[in-house]
Each structure stands twice: as structure tokens, then as C-alpha cells.
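Student: This is the structure, below, for whatever I ask next.
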Amino acid sequence: MDYYRDTWAEVDLDAIKWNVRQTIACLDASMTLFAAVKANAYGHGDVQVANAALEAGAEGLAVAFLDEALSLRKAGITAPILVLGASRPENAGIAAEHNISLTVHDNEWLKHVQIERDQTLRIHIKCDTGMGRLGVKTAAELQSVIDELNGSPSYLFEGVFTHFATADEIDTSYFEQQLSAFQLLVSSMSEKPPYIHCANSAASLRFQGGGFNTVRLGISMYGLTPSPEIQSILPFELKPSFSLRTKLVHVKRMNEGDKVSYGAAYRASEGEWIGTLPIGYADGWIRKLTGQEVLIDGKRVPIVGRICMDQCMIRLPYEYSVGTEVTLIGSQEGQVITMDEIAAKLETINYEIPCLITARVPRIYKEEGQVVHISNPLL
Ligand SMILES: Cc1ncc(COP(=O)(O)O)c(C=O)c1O
């Protein structure tokens, strides 16, 4: 696999493994960790991240949709995979065939399951303790799903879980409310499945996974804080794994009043140096990032003019040669532009940023500083 453009994302697999190992070290020795690799591993690349997480000690993987789980199986991954979101009950047979665990969020779903007689479907029951998204709310609803599962040899009742809405906030009151609701639901069960889980990254790192035996680690595995407000209270320093880099493809000296980009909205002054970068909004480097700084030669310089579909322009302090590397996210010569800085500029959360970087940007995977794999879905 190769790539022929001068824009790429670098994913540091050692950082991912380090974040997973550090998290496991913070948890009780009997606990297991599922790595959340949904959404193409938050834009980092599902297969590579999944393998790194498993190597670092993750027991299984969590994705949002059955398609994502099947794509991991197609890549040869045999570890347990849980689909967290809603799947079509008529697709249960495909999940069973590939040994993929599905989530049941109400009793009605089980009535429509289509599965062969000799197949076994692994099931986790989702409880809604206050996220208001998916799941059974009461002990009675939970019991009726369990009764249905027990009534058929086609099911293997493997897990029960919930999801927190505010585990990344300093104020823990709503988190505690959800945790006690889940504790009550779990204690109402006469028979407990092997996996009981509620914790995302924030709850894994701050509250030992809420005291249950499994956690689902997403954002912090990628080296990103679940929220800026809890960064300083995390038990170890996360290692960011994603960098976004490009190179100057054109450099020019402007005359007084020369314009840059669509709308001719940026006006250069005499002698200003402008560099062109081969990255634009079709790569996920969206127009709202005009004005955002990038790193060249370890210095911060601004993006000027409107960001185009495939290119954008930066103001240089002086002439640089074509081919000079530019960092949009990540570190360069001791300077850093964090995912949180980009998220703040876009008035969103860090989760959204790597997910925004489209498949047109090849992902280059590194271990011990060496490129170990290149993923470019275009070729
Ligand atoms: C159900 C569920 N579990 C776990 C996670 C992982 O959360 P985080 O990325 O905050 O660790 C997510 C992510 O959104 C999720 O939806």
C-alpha cells in the first residue's frame, strides 16, 4: 500500500498500547478491558488500533454497528467483539455465524430475531440508567429480557451494561445517580452474566470502572482526555497517538493588496510569504479552521483566506522551500498543537476531530518510530 499525496495522518501504535497498559494497571487485576474501536477507531483505523489494543492486554473490542464488527472479522480478528448499538434482529444469524455479541435493548427485539436452530447468539443487555438512548429501565424489564434469553437455547447471556452521560464532569452527582441505578439493576438479577460493565474512559480512570468487572475504553486509549476539565485529575498522563501532517506544495511572495483564496477575503501586505498546503475541507480540515495556527519549523503560523476543498494557505514569516513539513495536529520541534486546541477552535469535543478526518487522508502507522503499515482506502 502506498500514497501519493503530501498529506497524511500518523498514528503512534506505541502510544495506544501505552495508554491501554497504563489503564489496565490502574484497574483491579481481575477486571477486563474492551477497546472501543467504533467509527474506524475514532478515525485512527480500526484494524491497526484493535490489534495494538489486544496486544496491550485488551480482552475484546466494542463497535457501534454490526458492519464494523464484520469488517474486523474480515481482517482476521478473532477476539470477542461487542456491538454496542442497535442491530436488526433479522441479522442475528450473521452475528452468530461470526461469533459477534449483540446488544439487546428491549424485549420486543428478541421476538424478531432470525437465527438458525444450531446457532448461538451472544447477548449483552443494555440498561438505560439515565443516558436516555438505548436500554431497559426497570428491574422488571431487565428480568423479562433475561427470562426470554433463558427460555431459548439459541442465546448465550454474556453481559449486562449501561453508559454514563456525565462521567467526564467534575460534578459527580448525576454519575453517582446512574451508578446506583445500575447497581440496583445488577443486584436485582438472580443470575449474573460473565461481563458486567458501565465504564467509559472517564469512569475507568476516575472510578475504577464503577466497581464492575469490565470497562469499555475509548477516547483515552487514543491519548485524549475525556474532557478538558478532568485532564488534571487523570491517574496518568495520556499519550496522544494521532498527528496530522502535510507539506508546502507552493510558496510565493505577495505584493501589497494581493488576495488569497475564495471570496478574495484575505489581503496580503507587501513582501508577505504565502504557502499552499494540499489539505482542505474534503479531508475534514473544515472551513471554520481559517485562522487556526499550524506548525512549520517549530513555529506557529496562521491559515489565511478561506479553506478550499483540497487546499489551504498559510502566512509564512519568510520564504520556506516547497516540501517543508507542516504539522496541523501533533508536535514538531518541541511545539504542539493538540486535538483539544482544534476542538476548542471548532467549539466541539476532541472526539469529533479525528472522526472528521476523512478516508482521503492516508493513515501511516508507526511503532518505535518506524512506519509499520500504511492504510489508504483509495488505492
Ligand atoms: C456505549 C459506549 N461505551 C463506551 C464508549 C467509549 O467512551 P469513551 O470514548 O468516552 O471512553 C462509548 C463512546 O461513545 C459508548 O458509546
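Student: Tell me, yes or no, whether segment 32-39 has at least one residue that is within 30 Å of MET309 (Cβ to Cβ) and of a type in the set (D, E, K, R). Please lay out each step first, then the result.
Tutor: Going residue by residue through segment 32-39, those that are within 30 Å of MET309 (Cβ to Cβ) are 37-39.
This time we only want the ones that are of a type in the set (D, E, K, R), so: 38.
Yes, some residue in segment 32-39 is within 30 Å of MET309 (Cβ to Cβ) and of a type in the set (D, E, K, R).
Student: Considering only residues that are hydrophobic (A, V, I, L, M, F, W, C), outside any loop (DSSP other than H, G, I, E, B) and more than 23 Å from the chain's Cα centre (by Cα), which ones fall in segment 258-293? Break it down into steps so the answer makes sense when it comes.
Tutor: To start, the set of residues in segment 258-293 that are hydrophobic (A, V, I, L, M, F, W, C) comprises 260, 264-265, 268, 273-274, 277, 279, 282, 285-286, 289.
Okay, now just the ones that are also outside any loop (DSSP other than H, G, I, E, B), so 260, 264, 273-274, 277, 282, 289.
Once the filter is applied, which keeps residues that are hydrophobic (A, V, I, L, M, F, W, C), outside any loop (DSSP other than H, G, I, E, B) and more than 23 Å from the chain's Cα centre (by Cα), segment 258-293 yields VAL260, ALA264, TRP273, ILE274, LEU277.
Student: If a residue has to be in contact (Cβ under 8 Å) with a residue 24 or more places away in the chain and either under 14 Å from the mean Cα position of the chain (by Cα) or part of a helix (DSSP H, G or I) (or both) to count, how many in segment 345-379 make the cut?
Tutor: Residues meeting the conditions: 10.
Student: Could you check, for segment 326-340, whether at least one of its residues is part of a loop (DSSP other than H, G, I, E, B), touching a Lys or Arg at 6+ places or on another chain (Cβ under 9 Å) and touching a residue at least 40 places away in the same chain (Cβ under 8 Å)? Steps first, please.
Tutor: Just the residues of segment 326-340 that are part of a loop (DSSP other than H, G, I, E, B), to begin with: 333-334, 338.
If we keep only those that are touching a Lys or Arg at 6+ places or on another chain (Cβ under 9 Å) as well, we get 333.
Remaining after also requiring touching a residue at least 40 places away in the same chain (Cβ under 8 Å): none.
Among the residues of segment 326-340, not one is part of a loop (DSSP other than H, G, I, E, B), touching a Lys or Arg at 6+ places or on another chain (Cβ under 9 Å) and touching a residue at least 40 places away in the same chain (Cβ under 8 Å), which makes the answer no.
Student: Out of ASP2, ASP14, I need the residue that is modelled with pLDDT of 95 or more and away from the ligand (no atom under 14 Å from the Cβ). Which one?
Tutor: Values: ASP2 fails: modelled with pLDDT of 95 or more.
Just a single option satisfies the conditions, and that option is ASP14.
Student: Quickly run through segment 82-129 and pick out the residues that are part of a helix (DSSP H, G or I) and open to solvent by 40 Å² or more (accessible area, probe 1.4 Å). Full working, then the answer.
Tutor: Narrowing segment 82-129 to residues part of a helix (DSSP H, G or I): 89-97, 107-111.
Across segment 82-129, the qualifying residues are GLU90, ILE94, GLU97, GLU108, LYS111.
Student: Quick check: is even one residue across segment 141-149 within 23 Å of ASN213 (Cα to Cα), open to solvent by less than 20 Å² (accessible area, probe 1.4 Å) and under 25 Å from the mean Cα position of the chain (by Cα)?
Tutor: No; the residues of segment 141-149 include none that is within 23 Å of ASN213 (Cα to Cα), open to solvent by less than 20 Å² (accessible area, probe 1.4 Å) and under 25 Å from the mean Cα position of the chain (by Cα).
Student: Please go through (1) within 13 Å of the ligand (Cβ to nearest atom); (2) of a type outside the set (A, V, I, L, M); (3) buried (at least 23 other Cβ atoms within 10 Å of the Cβ) for SER227 and return the number of the only condition it doesn't satisfy.
Tutor: (3)
Student: Now a separate question. Quick check on my filter: what residues within segment 230-270 are acidic (Asp, Glu) and surrounded by fewer than 14 Cβ atoms within 10 Å (Cβ to Cβ)?
Tutor: Taking segment 230-270 and keeping what is acidic (Asp, Glu), we get 237, 256, 258, 270.
Result: GLU237, GLU256, GLU270.
Student: Does segment 230-244 hold any residues that are within 13 Å of the ligand (Cβ to nearest atom) and in a loop (DSSP other than H, G, I, E, B), and which are they?
Tutor: Of the residues in segment 230-244, the ones within 13 Å of the ligand (Cβ to nearest atom) are 230, 234, 238.
Correct list: LEU234, LEU238.
Student: For residues that are away from the ligand (no atom under 16 Å from the Cβ) and open to solvent by 70 Å² or more (accessible area, probe 1.4 Å), tally how many sit in segment 150-169.
Tutor: We begin by selecting, within segment 150-169, every residue away from the ligand (no atom under 16 Å from the Cβ); these are 150-157.
Subsequent filtering for residues that are open to solvent by 70 Å² or more (accessible area, probe 1.4 Å) retains 150, 153.
Residues in segment 150-169 being away from the ligand (no atom under 16 Å from the Cβ) and open to solvent by 70 Å² or more (accessible area, probe 1.4 Å): 2 in total.
One line per residue, one yes/no per condition, for (1) over 27 Å from GLN22 (Cα atoms); (2) buried (at least 18 other Cβ atoms within 10 Å of the Cβ); (3) assigned by TED's automatic domain parsing to the domain that holds LEU346:
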site	(1), (2), (3)
GLY218	no, yes, no
GLY275	yes, yes, yes
TYR281	yes, yes, yes
ILE286	yes, no, yes
ILE296	yes, yes, yes
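Student: If you scan segment 186-206, which residues turn out to be open to solvent by 10 Å² or more (accessible area, probe 1.4 Å), within 16 Å of the ligand (Cβ to nearest atom) and closer than 18 Å to GLY130 by Cα?
Tutor: Listed by number, the residues that qualify are ILE196, ASN200.
Student: Looking at segment 12-49, which of its residues are surrounded by fewer than 19 Cβ atoms within 10 Å (Cβ to Cβ) and outside any helix (DSSP H, G or I)?
Tutor: If the condition is that a residue be surrounded by fewer than 19 Cβ atoms within 10 Å (Cβ to Cβ) and outside any helix (DSSP H, G or I), then ASP28, ALA29, SER30, THR32 are the ones that fit.
Student: Also, I was wondering about something else. So which residues in segment 119-152 are touching a Ser or Thr at 6+ places or on another chain (Cβ under 9 Å) and more than 27 Å from PHE164 (Cβ to Cβ)?
Tutor: Once the filter is applied, which keeps residues that are touching a Ser or Thr at 6+ places or on another chain (Cβ under 9 Å) and more than 27 Å from PHE164 (Cβ to Cβ), segment 119-152 yields GLN119, THR120.
Student: Out of the residues in segment 170-180 meeting the condition of being part of a helix (DSSP H, G or I) and away from the ligand (no atom under 16 Å from the Cβ), tell me which one is surrounded by the fewest Cβ atoms within 10 Å (Cβ to Cβ).
Tutor: Residues of segment 170-180 that are part of a helix (DSSP H, G or I), as a first pass: 173-180.
Checking the rest, the ones that are also away from the ligand (no atom under 16 Å from the Cβ) come to 173, 176-177, 180.
Working: SER173: 9, GLU176: 13, GLN177: 14, SER180: 11.
If we take residues in segment 170-180 being part of a helix (DSSP H, G or I) and away from the ligand (no atom under 16 Å from the Cβ), then SER173 is surrounded by the fewest Cβ atoms within 10 Å (Cβ to Cβ).
Student: Is there any pair with a first residue in segment 76-88 that is assigned by TED's automatic domain parsing to the domain that holds ILE123 and a second that is open to solvent by 50 Å² or more (accessible area, probe 1.4 Å) and within 16 Å of the ligand (Cβ to nearest atom) whose Cβ atoms are under 6 Å apart and which are 6 or more apart or on different chains, and what are they?
Tutor: That search, which allows pairs on different chains as well, returns GLY85/PHE65.
Student: For residues in segment 50-70 being within 13 Å of the ligand (Cβ to nearest atom), closer than 24 Å to ILE94 by Cα and hydrophobic (A, V, I, L, M, F, W, C), which is most open to solvent (accessible area, probe 1.4 Å)? Outline the logic, then answer.
Tutor: As a first pass, look at segment 50-70 and keep what is within 13 Å of the ligand (Cβ to nearest atom): 53, 58, 60-65, 68.
Subsequent filtering for residues that are closer than 24 Å to ILE94 by Cα retains 60-65, 68.
When the remaining residues are screened for being hydrophobic (A, V, I, L, M, F, W, C), the result is 61-65.
Details: LEU61: 0, ALA62: 0, VAL63: 0, ALA64: 21, PHE65: 117 Å².
Among those residues, the one meeting the criterion is PHE65.
The values are calculated or read from the model by the stated rules, or taken from the named source; none is laboratory data. What you see is a predicted model; the values in this text were computed from it and never measured. No Cβ is skipped: glycine too gets one built from the backbone with ideal geometry, and neighbour counts run over all protein chains shown. What goes into the accessible areas is simple: the full protein's heavy atoms, side chains included, and nothing from ligands, DNA or RNA. Shrake-Rupley method; radii C 1.70, N 1.55, O 1.52, S 1.80 Å.
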